[in-house]
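Comments concern the structure below.
The values are calculated or read from the model by the stated rules, or taken from the named source; none is laboratory data. Keep in mind it's a predicted model, so treat the numbers as computed, not measured. With ideal geometry, Cβ positions are generated from the backbone for all residues, glycine too; neighbour counts draw on all protein chains shown. Ligands, DNA and RNA are stripped out before the accessible areas are found, and what is left, the full protein with its side chains, is counted by its heavy atoms. Shrake-Rupley method; radii C 1.70, N 1.55, O 1.52, S 1.80 Å.
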Amino acid sequence: MASTACFMIVSKNDIPIYEAEVGTVPKKEDAAHQHQFILHAALDIVQDTAWTTSAMFLKAIDRFNDLVVSVYVTAGHILSFVMSDFIIHTRLMLLHDSRNEDGIKSFFQEVHELYIKASSVMFYNLI
Amino acid sequence: MEDFPEELRTPPVALSCLIGCPDVHPLITAHLHSQQPPINAIALPDFSKISMIPPKKPSRDPSEPPAGIIKRDWFSKHRTRIPAVVAAIFSSRDVSGDPVHWLQVCTDLDKLKASIRGRNIKLVVLVVTKWNDKDNTSEERILALRKRAEIDSKNLIIFVPDHEPELQQCLSRQVPLIVPLSKFGLWTVLGELANTYYRDEGRRVRSRLEKKNYTSMELHVRYCFKVAIYAEFRRDWLEALKLYEDAYHALREMVGTSTRMPPIQRLVEIKAVAEQLHFKMSTLLQHGGKVLEAITWFRQRTANYRKLVGAPEVIFLHWEWLSRQYMVFAQLLETSSPNALHVPSTDPVAEEKPTEWEFHPAYYYQLAASYLKEKNTCLEFALSMSIDVGAFDGSAESVVASAYLGQYSRLLEHEDAFITQPLTDMEYVHYALAEGKRFKDSFEIIALLKKSFEAYSSSKAERTAAYCGLQMAREYFSLNDFSNAKQIFDSVANLYRREGWLLSLWEVLGYLRECSKGTSSAKDFIEYSLEMASLPETTGSSESFSKDCGPAEPATSSQREKIHKEAFEVARGESELNSDEQNSAFKVKSDYPIYLEIDLISPLRVTLLALVAFHQPMVKPGGQSLITISLRSQLPINVEIDQLEVQFNQSECNFIITNGQKPQISSIDIVQPGHRVETAPDLVLATNKWLRLTYDIKSDLSGKLECIYVIARIGPNFTICCRAESPALMNDSPLWKFENRLETIPIKDPGLALSGQKAIQVEEPEPQVDLILDSSGPALVGESFILPVTVASRGHAVHSGELKINLVDTRGGGLLSPRGEESFSSDNIHVELVDISCDAPQDKSGAPSDKIQKIQPSFGLISVPSLDMGESWSCKLKIKWNHPKPIMLYVSLGYLPQSDDPSLQKVHVHKSLQIEGKIAVAISHRYMLPFRQDPLLLSKLKSVSETDQTPYLALNEKTLLIISVKNSSEVPLRLLSMSIETEEKSVACTVQPQQEEFREAIVNMPGEEFKKVFTIIPKVNSTKLKIGTVSLRWERDSNDTSSQVTKYRLPDVNVELPLLAVTVECPPHAFLGNPFLYSVKILNQTEMLQEIKCSISDSQSFVLSGPHSDTMLVLPRSAQVLTYMLVPLGLGSLQLPRVTVVSMRYSAGLQPSTASLLVFVYPTKPHVDLKPPGDA
């Protein structure tokens, strides 16, 4: 099934550090350029909700018509002692229209794992 | 929400009708309105108006398909025209009066019955009577009336309007009235009958639904709607909701199945009905406090309908409809009771749980606006596609809403009558387009977004608010309202800039750039263009964001380069700034130069960043230092600078760097002639590459030399003024933080790149003047310490010299004593600067007017006269120590080496000196008894306490006072005089001598002790007798100081009358073998007989005659003398036999001290005349 999705990684100081259109259809023409705006606006809810729950996966936290924003918040306060400042409280945000919740969750987990690996490369130099 | 008719917006109210006796109508209607639930009433004055109630129409032919779903006026008809119950009101006079009147009553009643029977309307009969007449009402007639009306007895009410208690009972109370004909009050009866009516009607329609004896879905929807409305009349909300729900689903199924009407109009009709059903359901849910359900249902329903866009030419109608749904829902959410608005954020509700924002009206307002915007876009498209809209314009007025909800028809005038004619889809599309053309939605969109924006802002959701703001600003932009648009775009851009959301920022900047074109602001245009051109590249931007990125167009590198070129063309004055909308053009020229300022927080820092680093941290005045200016730009194309100016806080150091490639341009543009001009081989800024320029710099002025600005001039009228930054403090832009680019250091020397500063310290010139503080050792408390300060010129002349003196406590405790903070007197100041005396100015002119002298206890300022080279000048500081305290004296001299150049900086010489303040003399005292005399003081014997150190003196007896003066300073002192100033009258005690001026000053060397003996005879028997204060006048053993007085207060003494006094008498010396007398005199000063035991010990050195041990009685106030004759047997200093005297009464014994019992025995009488001269 064709779907639209926009994926972003947002650093702890709200700066986007990675962005990709990951849907199977390249774009829904009119809304495509709005994805950044929608994801950016959703940060408001993320920052409120992230501290009220221990869950890392915040599903369907914001909605814009058919599009839904799901977020995966990395556990910054746990990792901060071990990892570099770079990975603290990073948010993986996905704007999607599919309702495949499990798929989205596992996508997030996979990306999170890769992200930690990529960010930890610098430690190899220390060992 | 206001677009909906009144009957939809308000909860349904049962309708009744009052006929006859119009004078009681106001009373009854007012009462019915005041009850809960209220009942509306149609008031008909007499029975001839019965026809006002619409008669029942003949039933519909079942074979004929329905013309529409719901009649537009069906609901309002039931709200305002068809009553559920009719109250026929008759006067009791007519009922009980003559047969003519009674006959009329019967006729009216029959007519009424006939007219309401068809609609099954319920009937109530009211007989109005007067309180006085109530007993005259004929019961028979009443009974006959009830039978004729065919109503229950409770539905006939005797109405007594002129008696308050009866009236109240009659109107509302459920108690029998004056006659048992009626059991219930009017409101209750009417309400009950109305309920019955609506229930019956509902059942009637419901039975059709249940039988399903119809073929079209329209009827199903219609019946559901009617039953729901009847249920609402009965306040059965649950059933109403259920039936609305049924209707809604049936309606949804109709889409695409019904073929009754042309497809476009059919969809319009379905949506119009859906809208009403939708509104009803949302209202019921929200007013019932079920906000969560309302929100969930709303989302599901709108999701169902969102895809029903309809025919391409009228898609705009769909978006308008959808926008209205959201707006109405937001209004309902806003007006529903706040108590019902609870946000169950943590409850796990299904997977379709509403998000946090879905509980806020702002969310729906925002979406309403976005759909309305969508409508506008589609409408514009549809208008552009249809060419013959104008042709239909004239006839658009003849299109009216037809009898059925959501249907339109054409009204035609035919032979003095109006007939309606159905529209074809084509005609309807034309009509809709013409209507759409008439209204501008932009202001409505802005109003909706503003509401949303304000709500989000007040919830501190600045990002969501920014998105609303962006949409609002776009709308202003589309209206060519550039100033409003710019204001909002600016604030939105700030947020995106701060958080580094590039594509969003790019789009907003694109709009801002167009706004600045619209307002003909070349400066803004250039600023925004440069910022856009300097933004980092985004991956994949060319593909994903190819459409609708606003006027900025896609954020590709070619677009960036295009913007860069445009900006510089305008800045150089090569092209004009054209505004399409305003038809105006603006060109940068010498009258309108462009001056951009880039500071630390400017977004243009990425366009031009200027780092300045001095190579040394300090430099001597006149010495040279290297300075490196590093410039970097992220602009996509190389920029050639014509001229650079580097500005410092010391303007003499400013210099200009010209571009070697463009000498002819540089030469004309030097702002201040006389300034240093350097030429660089080229001044080209390449993308993300540092342009490093290193030059010498020299400053003659001491202090801080700081680079303030680096000003780049490009073309004759374009200047970029960039605030200089230190490499050590450089922050990278958040936009470029995570970009994949080559990071280079601004200065080749990596150390300097990390620690370089844009400021340097220029040292002060070496002073050529000596400042000499002559210290003559420690200062002594009490004296005015003189400290000479000498200013001696070695190599500089001294002009406008100023000498600053500061006294500072070495230990940091302050020079005031703790208790003296408030009262600022000399006693409280430990050390103070008393005076500064200086020599007369040595220069002849010596104008005294410019002489400054300012003295405060711890600070002094004095001007130094002009001194030529080699001259010197001195002054004396007079500092007084009130308490011993070490202080630090800071003296600083500031002067100008040359008098003719006031712009020069002063040279400073600093000196400091620690001075101890010491106590000069330590005075102590001691009391002694006269030789070989011992008075018996009882109190002294009793006072065993160690703490009580108060000395005891014998009354009227002579006591010796020895004052010791010890020089505790380090310099010899001369003691000039000593005196004891008695505090009380001399009657209390006698002091001898009172004052003594030393004939020759006694020189007291450091550590030496000087003693002076005074005699005191206390005259008053008292405790705590104040003896007085010792005053010692002294001076330093050098002639240049004045004498000081040190005071010492003698502690209080106790004075007591001695009871006994023992005096041992013997000659001061004796001769070997020569007898002498040794007597002990015991004086009894009491009024009692004293028993005294006296004994004497033997001594080898003497032969003794007299009693060895004896007890004797001494009479009151008399003396007893014990005499011994002693013959010395040895030579030298011999110990006399020890005498012990014991007073039996006081158990006190006296043994004279060993020292007092010494006598010197000569072998023979010496050949010196021991007698005093007068004895001969």
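Listed values, structure above:
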| item | result |
| --- | --- |
| Residue in the stretch B:1139-1159 that is of a type in the set (V, I, T), surrounded by 14 or more Cβ atoms within 10 Å (Cβ to Cβ) and assigned to a loop (DSSP other than H, G, I, E, B) present | no |
| B:L156 surrounded by 21 or more Cβ atoms within 10 Å (Cβ to Cβ) and farther than 30 Å from B:A274 by Cβ | yes |
| Selection status of B:I1002, of a type in the set (A, V, I, L, M) and over 30 Å from B:G777 (Cα atoms) | no |
| Flag if B:I1002 is among the hydrophobic types (A, V, I, L, M, F, W, C), in contact (Cβ under 8 Å) with a residue 60 or more places away in the chain and assigned to a strand (DSSP E or B) | no |
| Hey, B:K1047 surrounded by 13 or more Cβ atoms within 10 Å (Cβ to Cβ) and among the charged types (D, E, K, R) or not | no |
| Hits in the stretch B:124-145 - residues which are closer than 25 Å to B:I82 by Cα and either surrounded by fewer than 19 Cβ atoms within 10 Å (Cβ to Cβ) or in contact (Cβ under 8 Å) with a residue 60 or more places away in the chain (or both) | B:V124, B:L126, B:V128 |
| B:S625 vs. criteria touching a Ser or Thr at 6+ places or on another chain (Cβ under 9 Å) and open to solvent by less than 70 Å² (accessible area, probe 1.4 Å) | yes |
| Conditions (1) modelled with pLDDT under 85; (2) open to solvent by 10 Å² or more (accessible area, probe 1.4 Å); number of the one not met by B:R222 | (1) |
| B:Y428 being aromatic (F, W, Y) and either in contact with a Leu (Cβ under 9 Å, 6 or more places away or on another chain) or within 14 Å of chain A (Cβ to nearest Cβ) (or both) | no |
| B:F418 buried (at least 22 other Cβ atoms within 10 Å of the Cβ) and not small (G, A, S) | no |
| Wholly enclosed helices (runs of 4 or more DSSP H) of the stretch B:415-481 bearing at least 3 residues in contact with a Gly (Cβ under 9 Å, 6 or more places away or on another chain) | B:442-458 |
| Which listed residue is under 18 Å from B:S776 (Cα atoms), crowded, with 16+ Cβ neighbours inside 10 Å and either touching a Phe, Trp or Tyr at 6+ places or on another chain (Cβ under 6 Å) or among the charged types (D, E, K, R) (or both), from B:I879, B:I923, B:I915, B:I887 | B:I879 |
| Residues that are facing chain B (nearest Cβ under 9 Å) and either touching a residue at least 40 places away in the same chain (Cβ under 8 Å) or in contact with a Ser or Thr (Cβ under 8 Å, 6 or more places away or on another chain) (or both), drawn from the stretch A:54-64 | A:K59, A:A60, A:I61, A:D62, A:R63 |
| Total residues in the stretch B:1150-1171, condition under 20 Å from B:P1058 (Cα atoms) and touching a Ser or Thr at 6+ places or on another chain (Cβ under 6 Å) | 1 |
| Tally, over the stretch A:22-47, of residues that are open to solvent by 30 Å² or more (accessible area, probe 1.4 Å), at the interface with chain B (Cβ under 7 Å from one of its Cβ atoms) and either part of a helix (DSSP H, G or I) or modelled with pLDDT of 80 or more (or both) | 2 |
| Counted residues, the stretch B:303-316 - those being under 27 Å from B:H430 (Cα atoms) and out of contact with any Lys or Arg (no Cβ under 8 Å at 6 or more places or on another chain) | 9 |
| Elements of type helices (runs of 4 or more DSSP H) contained in the stretch B:1-95, each with 3 or more residues being open to solvent by less than 30 Å² (accessible area, probe 1.4 Å) | B:25-34, B:74-80 |
| Test: residue in the stretch B:1135-1145 that is touching a Ser or Thr at 6+ places or on another chain (Cβ under 6 Å), among the basic types (K, R) and closer than 25 Å to B:N956 by Cα | no |
| Which listed residue is within 14 Å of chain A (Cβ to nearest Cβ), touching a residue at least 40 places away in the same chain (Cβ under 8 Å) and either open to solvent by less than 60 Å² (accessible area, probe 1.4 Å) or farther than 30 Å from B:S384 by Cα (or both), from B:L405, B:L449, B:L423, B:L433 | B:L449 |
| Exclusive hit being more than 20 Å from B:M327 (Cα to Cα), touching a residue at least 12 places away in the same chain (Cβ under 8 Å), among the polar types (S, T, N, Q) and surrounded by fewer than 21 Cβ atoms within 10 Å (Cβ to Cβ), set B:S520, B:S516 | B:S520 |
| Spans of strands (runs of 3 or more DSSP E) in the stretch B:746-794 with at least 1 residues more than 25 Å from B:G622 (Cα to Cα), out of contact with any helix residue (DSSP H, G or I) (no Cβ under 8 Å at 6 or more places or on another chain) and modelled with pLDDT of 80 or more | B:769-773, B:784-793 |
| Some residue of the stretch B:269-286 being more than 28 Å from B:G310 (Cβ to Cβ) and buried (at least 20 other Cβ atoms within 10 Å of the Cβ) | yes |
| Looking only at the stretch A:10-21, and only at residues there that are at the interface with another protein chain (Cβ under 7 Å from one of its Cβ atoms) and crowded, with 18+ Cβ neighbours inside 10 Å, the one that is modelled with the lowest pLDDT | A:E21 |
| Test: residue in the stretch B:337-347 that is open to solvent by 20 Å² or more (accessible area, probe 1.4 Å) and either at pLDDT 80 or above or among the basic types (K, R) (or both) | no |
| Cross-chain or 6+ apart pairs with Cβ under 8 Å, the stretch B:492-507 first and at positive phi and facing chain A (nearest Cβ under 7 Å), then outside any helix (DSSP H, G or I) and surrounded by 24 or more Cβ atoms within 10 Å (Cβ to Cβ) | B:G500/B:L735 |
